[in-house]
Amino acid sequence: MTWQTIVFRYVFFALIATVSNLAVQRYVLWFGDNGFFFALAVGTGTLVGLALKYILDKRWIFGDMSVGLKAHGKRFSLYTAMGIITTAIFWSIETIFWFFWQTDAMRELGAVIGLSIGYVVKYNLDRRYVFTNIKLVHT
């Protein structure tokens with residue numbers, strides 16, 4: 001797979017995960033907009049985006065064809081661990097935008113900025129620590 005293909009797919013999958021994350025957040029925030037619902041929305045959206053992105057990255061970015069609970073459990077655990085760092089980036093920026101502007105549009109802009117930075121960091125962590133047996137072709 002060429003480097004350009006990897007970048008295109010990764011960006012496309014990041015967009016899918018981001019839109020899914022934000023859609024889940026909007027859905028949760030429909031029930032209320034206080035601090036509890038904000039935290040629930042951010043957490044639930046993050047879980048949905050994480051699971052979706054793992055499924056897409058595993059197969060279409062890193063070419064990992066391993067199957068079974070043991071392989072998925074280990075890789076998903078590592079994938080999630082790497083995501084803790086990037087989630088902190090994402091949540092921090094989204095929360096700063098929310099506290100500063102107190103609008104959904106600015107909260108979502110903060111989320112997009114945070115997710116974008118986080119995904120760049122996450123790709124490099126995943127390549128180095130999670131999908132270590134995969135050889136990517138860069139042409």
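For the chain, set up a Gaussian network in which alpha carbons nearer than 10 Å are linked by springs, and say which option among 45, 110, 32 fluctuates the most.
Of 45, 110, 32, the most mobile in the Gaussian network model is 32.
Seen from all sides and averaged, what is the projected area of the convex hull of the Cα atoms in the chain, in nm²? Write down the numbers at each step before the final one.
Details: hull surface 33.3 nm².
Over every viewing direction, the Cα hull of the chain projects on average to 8.3 nm².
For the chain, build the charge dipole from Cβ charges (+1 Lys, Arg; -1 Asp, Glu) around the Cα centre, then report which of 88, 31, 68 sits farthest towards its positive end.
68
Based on DSSP H runs of at least 4 residues, each adding -39500 (n - 2.57), what is the mean residue ellipticity at 222 nm of the chain after dividing by all its residues, to the nearest 500 deg cm²/dmol?
Numbers: 4 runs with 104 residues, N = 139.
Counting only the DSSP helices, I get -26500 deg cm²/dmol.
Remind me, relative contact order of the chain in percent, using alpha carbon pairs under 8 angstrom and six or more residues apart? Before the final figure, lay out each step's value.
On the way: 130 pairs, mean separation 38.3, N = 139.
Here the relative contact order equals 28 percent.
When the chain is modelled as a GNM with alpha-carbon springs shorter than 10 Å, which of 58, 70, 122 fluctuates the most?
Largest GNM mean-square fluctuation: 70.
So how much slack lies between residue 71 and residue 27, counting 0.36 nm per residue of separation and subtracting their Cα-Cα distance, in nm?
Working: separation 44, 0.36 × 44 = 15.84 nm, distance 3.27 nm.
In short, 12.6 nm is gained.
What does the net charge come to around residue 19 if you take all other residues with beta carbon closer than 11 Å to its beta carbon, with K and R at +1 and D and E at -1?
Numbers: positive: 26; negative: 108.
With Lys, Arg at +1 and Asp, Glu at -1, the neighbours total 0.
Evaluate the distance, in nm, between pseudo-label points positioned 7 Å from the Cα of residue 99 and of residue 132 along their respective Cα→Cβ axes.
Here the answer is 3.7 nm between the modelled labels.
Explain nothing, just the number: dipole magnitude of the chain about its Cα centre with +1 on each Lys and Arg Cβ and -1 on each Asp and Glu Cβ, in debye rounded to the nearest 20. Please list the in-between numbers first.
Working: 13 positive and 7 negative charges, 140 e Å.
Its charge dipole is roughly 680 debye.
Laboratory data are not the source of any read-out in this text; all were calculated from the coordinates shown. A quick note: this is a predicted structure, and the numbers were derived from the prediction, not measured. Using ideal geometry, Cβ is built from the backbone for each residue, glycine included, and neighbour counts are taken over all protein chains shown.
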